[in-house]
Amino acid sequence: MHAEVPEGLLRRLFSQRMTVMAVYPASVSMTLTTGAYLGESALNALRTQAQDLARAKDWPGLLALRTRLEHDRLFWTDLWGPMCALAGRLTGQPDAADLLADLVEAGFSQPELFGGELKAAFADDPRWPEISAALGSKTAPVPVALTDWPVVTPAAPLGLFELAGRAGELLSLVPPPLPSAWQTAQAMLAWVAGRWRHADAHMEIDDAVECLRRVDAGRRYACVEYSLVLSQALNALRIPARQVSLRQANYHTGVSRGHVVSEAWIDDLNRWVLLDGQNGLYWIGADGKPLGAVELQRLARTGAARPDFVTLGAEMSQPDADDWFSYFAHVTTSAGSWSPEPFGIVFQRVTMQLSQRLEHHPDALYPDLSELGVETALLDGQPAVRLVSGHPFARGFAADGTELDSDMLVLNCTPGEHEHALQARTDYGTLRSRMLRYVVA
């Protein structure tokens, strides 16, 4: 009897990149290697020799390599071991069935790799029914399986309104940060609002440093420049911020239909907040929490009552607040714009209404920056996850309240269920927790 080892099997096994996993008893740690090509010359030579002997059906020659092949942890249980059991059966070795039974107990469960030859060779062995039944029912448990993991929701580019390459210079001109992101944002809002008196003039460049220098020289500007300084200063202080253009209804005609403000992601509030630099103002909901552009536009479009507001600059009358609230009919940020209805691209008869990415709904433009994701990884032979933050100014990570030394978390390989509360860290503290859960067999 001669067994045909499928040529396609050998070619496939030795051409693919393999992820190597050696599983030890529970009292011993699990050790893994990467999925890179194995480079040990002696092991590669042994595999090549065994492959050639199998192709040539030189079963005595293959059995002569058995002791050495047992040290090939990747292929012994599932390939070389069953192949040696087959070779032993074909050459009359008395322990062939015992070897095959031991391999099944160790986790071998792929007789189909041998194209029916195992069954043909062992069919008349009295132990074959027992071995065959075990082959069909015994599958090794997954050593480590992630059961729940956090993700970073796909979103449009953030479109942060930054002063590229000059954050340090800008920081020297603005107040220092306070302990929390919200305290810092409020202080910056009040400072910008009081920096100069409004005038209907504009700069030709988007440069907060140059704007402040010109203000020191006596120049005065409009809402665009208040937003410019506020947004770029917040980003320099590592608070994600964007510029926002607001438009009244029917902005395609008339005058004074637009207003420019800022919005910032506030770590400790876990939300985007709209900040009006010209007026030193932010809007608040019934719960007292500051509102973002999406909420304000929804209120404006549904005809809801105007929300309350807080001014950190000059006092504002109720009629003036009503007027400013009317500008939330349409919103365009430096990340993009959205409109569930036709989007007018002409502003005040003669100006093109420019927008970055245009969406029907705002979700993609307003990601939750406390989100984090994971990548499976390897650290010193141990299974791990690499943490990835959605926050552009993340400084690091924490797990279960303990700061991590890097972006890697080694998994606990003690058998059982495990979970970790993961957080990204910024200059203003740790962000909202996200859960990672996994089970170890």
Translational diffusion coefficient, Stokes-Einstein: compute it for the stretch 321-441 using the Kirkwood radius over C-alpha pairs as Rh, at 10 °C and 1.306 mPa s, and state it as an integer in µm² s⁻¹. 89
Could you work out the percent of alpha carbon pairs in the stretch 35-192 separated by over 29 Å, rounded to a whole number? 49
When the convex hull of the Cα atoms of the stretch 270-346 is projected onto a plane and the area is averaged over all directions, what value comes out in nm²? 6.2
What are the residues whose amide H is under 5 Å from the amide H of THR333, where those residues sit 5 or more places off or on another chain and H is modelled from the backbone? SER245
How long are the semi-axes of the ellipsoid equivalent to the stretch 166-220, from square roots of 5 times the Cα gyration tensor eigenvalues, in whole Å, largest first? 22, 14, 9
State the extension gain, in nm to one decimal, for the chain segment bounded by MET352 and LYS289, taking 0.36 nm per residue of separation less the distance between their alpha-carbons. 19.2 nm
Just subtract the alpha-carbon distance of THR414 and SER41 from 0.36 nm times their residue separation and send over the number in nm, one decimal. 130.9 nm
Virtual paramagnetic centre 7 Å along Cα→Cβ of SER109, amide N under 14 Å, in the stretch 68-82: 78
Nothing charged except the Cβ atoms of Lys and Arg (+1) and of Asp and Glu (-1): what's the magnitude of the dipole of the chain about its Cα centre? Round to the nearest 20 debye. 920
Cα-derived Rg over Rh, computed across the stretch 78-129 with Rh taken as Kirkwood radius: 0.90
State log₁₀ I(q)/I(0) for the stretch 262-315 at q = 0.16, 0.25 Å⁻¹ as given by the Debye formula over alpha-carbon point scatterers of equal weight, solvent excluded. -0.46, -1.05
Taking a temperature of 10 °C and a viscosity of 1.306 mPa s, what whole-number D in µm²/s does Stokes-Einstein yield for the stretch 225-301 with Rh from Kirkwood over alpha carbon pairs? 121
Report, to two decimal places, the Cα Rg of the chain normalised by 2.2 N^0.38 Å (N = number of residues). 1.49
Place +1 on the Cβ of every Lys and Arg and -1 on the Cβ of every Asp and Glu in the stretch 230-332, take the dipole about the Cα centre, and give the residue among LEU246, THR332, GLY288 whose Cα lies farthest towards its positive end. THR332
How large is the convex hull of the Cα atoms of the stretch 391-436 per residue, expressed in Å³ as a whole number? 73
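For the stretch 335-402, what is the Kirkwood estimate of the hydrodynamic radius, computed as the reciprocal of the mean inverse distance between distinct Cα atoms, to one decimal in Å?
About 15.9 Å for the stretch 335-402.
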With r defined as the distance between the Cβ atoms of ARG73 and THR402 and R0 fixed at 45 Å, what FRET efficiency is calculated, to the nearest 0.05? 0.85
Report, to two decimal places, the Cα Rg of the stretch 365-406 normalised by 2.2 N^0.38 Å (N = number of residues). 1.31
Pull out the extension gain between ARG306 and THR253, defined as 0.36 nm times the separation in residues minus the alpha carbon to alpha carbon distance; nm, one decimal. 16.7 nm
If unit charges are put on Cβ atoms (+1 for Lys and Arg, -1 for Asp and Glu) and the dipole of the chain is taken about its Cα centre, the option from PRO60, ALA120, HIS202 lying farthest towards the positive end turns out to be HIS202
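Any read-out appearing in this document is the output of simple, stated calculations on the displayed coordinates, not a laboratory observation. Just so it is clear, the model here is predicted, and its values are computed rather than measured. Methodologically, a virtual Cβ is constructed for each residue, glycine included, from the backbone with ideal geometry; neighbour enumeration extends over all protein chains shown.
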